[in-house]
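No lab work stands behind these numbers, since they all come straight from the coordinates. Being a predicted model, the structure only gives us computed values, none of them experimental. As a convention, Cβ positions derive from the backbone with ideal geometry for all residues, glycine included, and neighbour counts pool all protein chains shown.
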Amino acid sequence: MTRVAPMPDTVTLHVPFRIVKRGGRKEMQLPDGAVQPRRTDNTLVKALARAFRWKRMLESGEFATIAELAEREGIAPSYMTRVLRLTLLAPDIVEAILDGKQGPEVTLAQVLEPFPVEWSEQRIVFPKPR
């Protein structure tokens, strides 16, 4: 006959993490060394899609100026200009964002700030996680 130890009523599990804001949402950040599954940041992806769509509309001649396009879209020309700058991101950075493999510091707020035009310098500003 085997003896079974009594089951405790409560089990306490300690998981070290912190909550950070990312793309307007709260996200759980695990400690260094822990593998965190990456999720695509839909806010960033949407901004990239808009930027490339607007660029295509301007290049096709559908709209003559950013101000004209911004008026049609119902947004401020200054915001449109900041979003259009995303079309200057290095292809590997764009791909990392689309795959959800960008570093945690790559947020919409961060990429809308001025960044270097040279792709090699962008990789320093927006490093991929290891």
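Below are the figures for this structure:
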{"read-out": "Restricting the range 80-130 to GluC sites (Glu not before Pro) in coil, as DSSP defines it, with at most 15 other Cβ within 10 Å", "value": "Glu105, Glu118"}
{"read-out": "Relative contact order [Cα under 8 Å, 6+ residues apart], the chain, whole percent", "value": "23"}
{"read-out": "Average silhouette area of the range 39-125, convex hull of alpha-carbon atoms, in square nanometres", "value": "5.6"}
{"read-out": "Partners for Lys101 among lysines (Cα-Cα distance below 22 Å; same-chain residues under 8 apart left out)", "value": "Lys21, Lys26, Lys46, Lys128"}
{"read-out": "Loop GluC sites (Glu not before Pro), the range 9-82 (other Cβ atoms within 10 Å of the site Cβ: 16 or fewer; DSSP)", "value": "Glu62"}
{"read-out": "Mean ellipticity per residue at 222 nm, deg cm²/dmol - from DSSP H runs of n ≥ 4 across the chain, formula -39500 (n - 2.57)", "value": "-12000 deg cm²/dmol"}
{"read-out": "Amide H contacts of Arg22 (H built 1.01 Å from N, under 5 Å, at least 5 apart or other chain)", "value": "Glu27"}
